[in-house]
1. Are any residues in the range 292-315 within 21 Å of Glu345 (Cβ to Cβ), loosely packed, with under 15 Cβ neighbours inside 10 Å and of a type outside the set (Lys, Arg), and if so, which ones?
2. For the range 319-392, which strands (runs of 3 or more DSSP E) that fit wholly inside it have 1 or more residues that are over 18 Å from Lys289 (Cβ atoms) and more than 32 Å from the chain's Cα centre (by Cα)?
3. When you look at Thr190, is it within 30 Å of Pro142 (Cβ to Cβ) and not assigned by TED's automatic domain parsing to the domain that holds Asp307, yes or no?
4. Give all pairs with beta carbons closer than 6 Å in which a residue from the range 67-90 that is over 22 Å from Arg131 (Cβ atoms) and part of a strand (DSSP E or B) meets a residue that is of a type in the set (A, V, I, L, M) and modelled with pLDDT of 90 or more; count only pairs at least 6 apart in sequence or on separate chains.
5. crowded, with 20+ Cβ neighbours inside 10 Å and closer than 30 Å to Leu230 by Cα: does that describe Asp339?
6. If only one of Leu278, Leu230, Leu283 is under 21 Å from the mean Cα position of the chain (by Cα) and within 27 Å of Ala373 (Cβ to Cβ), which one is it?
7. Can you confirm whether Pro199 is more than 31 Å from the chain's Cα centre (by Cα) and surrounded by fewer than 19 Cβ atoms within 10 Å (Cβ to Cβ)?
8. Let me confirm something: among Pro324, Pro265, which residue is outside the structural domain of Lys371 (by TED's automatic domain parsing), surrounded by 14 or more Cβ atoms within 10 Å (Cβ to Cβ) and out of contact with any Ser or Thr (no Cβ under 7 Å at 6 or more places or on another chain)?
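The values are calculated or read from the model by the stated rules, or taken from the named source; none is laboratory data. Predicted model only: the values in this text are computed from it and were never measured. Here the Cβ positions follow ideal geometry from the backbone for every residue, glycine too, while neighbour counts run over all protein chains shown.
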Amino acid sequence: MLSRSFRFVLAALTVALVVVANAGAEAPQNRASASVTGSAVVGAELTAHNGTWLYDNGLSCQSECVMTYQWQRCDAGGSACTEIGGATGRFYTVQAADGGSRLRAMETMSIYDCGAHNTETGAIECRWDRRNMPSGMTGVVPGGAPTTPGAPTTPAAPTGPKPQAPLAPAATAAPTISGLAMVEQPLTATRGLWSGSQPLTVGLEWLRCDAEGESCQGLGITADTYTVGLVDVGKTIRVRITAANLAGARAAVSDATPVVSALRPTEQNPSIAAAKVLAPHKLVIDQVKAPARFTGKAIRVTLRVTDSRGFLVEGALVTASTLPVSAVVPPAEFRTGADGLVTLEFKRGTKLKAAIRVVTLVVIARRPGDKPASPRGAIVRLKLPVAVTARR
């Protein structure tokens, strides 16, 4: 029979194993190996391209995943691979020492995982999770140890002029980036113009750089568009284009964008959907236009809803209540348009008495799905004197 202390130790080990298993399960898994482009000839530049890393829900990891590479030299059969000293970047220039070998890049995906829950302490544990996956192999690099000479052969008869060597790629127009360097805004890249022998492949990768456009890191994003995120604020963005053919590979980098700023209204984008007004920002009611007093007839109050950054808010829900209750009948709830404007109509109520000299209109703006008292909402109170004729 197990002792009480032994059972306690066994239970603790079981909990620890469950915590570690849960943490590992949240990291993305490799679904397609990294690839290598470029010519496997001495002097040519090879480029490693990110593999596909997916979470259990099918979504791919983005900027939260850091990709690094270690180039390896393998024998002609594709085995006995060893690391090449100092070859840790995305690009590698084939060396004379690679002759007779095949090359590949070992891709390491690193993610800072805070998903594990320690059931003993109640704390959320964070750690780096790193996973490796080799890329595909290049062909055998020409060169290496000479082979044993065989018997002389009869030279073939000339068949015509020797074909010209392929021309290496060259950029004739630099790549460019268009769009606003602002959170939530899309940037679009052009790949420039390239000369060189066909077939010619042209690839793209987005780079995040410091405020001076230096110390750039590849993001592993290869689409022609990139949506700026909060992590880019204070940084600049570039795009690197790599062209490759049988003669080798060449890269060209665009100019850096302006320093990325937080989202703010512009002449091209003056409005924002109410659902996108997130903390710490909130709704604001301004430009209220109301009559000087309540005459007993229906009155209209026009107002505008913006947010604390100055965006015109589209789709905000605006309603009102009145004090005293039933002295004036408030309208139903209305939505603001793209200009942030809305008009509310108030009618005479059944309980407007001679003693009531002032009515208060309480106007409330909120995001769809929020409660009227949400901290992201807005409230204004309008006090209107009641005309003597309306109190009879």
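1. Those that are within 21 Å of Glu345 (Cβ to Cβ), loosely packed, with under 15 Cβ neighbours inside 10 Å and of a type outside the set (Lys, Arg): Ala292, Ala298, Thr302.
2. Because the criterion is at least 1 residues that are over 18 Å from Lys289 (Cβ atoms) and more than 32 Å from the chain's Cα centre (by Cα), the strands (runs of 3 or more DSSP E) in the range 319-392 that meet it are 341-348, 358-366.
3. No, not satisfied.
4. Listed by first residue and then by second, the contacts come to Arg73/Ile84.
5. The answer is no for Asp339.
6. Leu278
7. yes
8. Pro265
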